[in-house]
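Enquirer: Below is a structure I'd like to ask you about.
Read-outs throughout are calculated quantities, based only on the coordinates presented, and are distinct from any laboratory measurement. Computed from a predicted model, the values in this text were never measured in an experiment. Here the Cβ positions follow ideal geometry from the backbone for every residue, glycine too, while neighbour counts run over all protein chains shown.
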Amino acid sequence: MAQAKTETDTIDMLKDWYQGAAVADGEWRKQALESYQFYTGIRQWDPDIVAALEKAGRPALTINRILPTINLLCGHQRQSRSDITLYARKGGTAPVAALGTELIKHTMDGCLGQYQLSDAFADGLICGKGWIETEVVYTEDPDTGELEVRKVSPFSMLEDQANLAYDLNRGSFVFKVYWMDRRELELQYPKKAADLPAATEASDWAGEGRQVEDDRLDYEETAGIEGGGETDEDRHGR
């Protein structure tokens, strides 16, 4: 009879999965960062070549053809958006499918979901991965909450590299990496508050997550994911 897994066993298993995925994802992460650097035009030259050109008194000209090409494709996607439509399958009814369709449209309108999808589409063009998440939030409606659709940075996600299927649900795990301070952890997991100091200061965990920060942030502030430096508020206000 197999022995039931303890909480420690589960944590060790998750750590092994996470560390293995982080190592396997390392090469893609380097290439993805380089892709964003090329897209924004910030660093398309090798530093050694730039130094040699400066020493020779020659300019390191950058003619960025990648940014307008990707922005053109993003423009086509925004102009040709497709609404999500539900159809009744065997055992279902058309009125229920129509109601589901309207609920999805209401949700997407309420959280600007189409803009989130477009931003994820841009990520996919630049680095090959675009992520969307859904979550019920209770900020405005503490009783029932509201469903939100949000773009997630591809640098925050780690998927099971052993899963060769297109459907990520066939893998053993998908990690989303994000930071919470100790006070947030204590509020969210009050029964584990006494264990948090030791857990958050452990050498095999502390600081590890810094390796998967969103490396695009420095570039989005200056060039914008859409190019031209406009903000979400600028685009949504049009």
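Enquirer: Under a 5 Å amide H to amide H cut-off, with H placed in plane at 1.01 Å, what residues pair with Ile132 once short-range neighbours are removed?
Expert: The answer is Val152.
Enquirer: What ranking do Ser153, Ser172, Ser35, Ser80 get, fewest neighbouring Cβ atoms within 10 angstrom at the top?
Expert: Ser80, Ser172, Ser35, Ser153
Enquirer: Karplus couplings for the stretch 128-136 from phi (6.51 cos²θ - 1.76 cosθ + 1.60, θ = phi - 60°), rounded to Hz, Gly and Pro as x?
Expert: Those phi angles translate into x, 9, x, 10, 10, 10, 10, 8, 8 Hz.
Enquirer: How long are the semi-axes of the ellipsoid equivalent to the stretch 1-144, from square roots of 5 times the Cα gyration tensor eigenvalues, in whole Å, largest first?
Expert: 41, 30, 14
Enquirer: Less than 17 Å from a label point 7 Å out along the Cα-to-Cβ axis of Met13: which backbone N atoms in the stretch 157-194 qualify, by residue?
Expert: 160-163, 170-175
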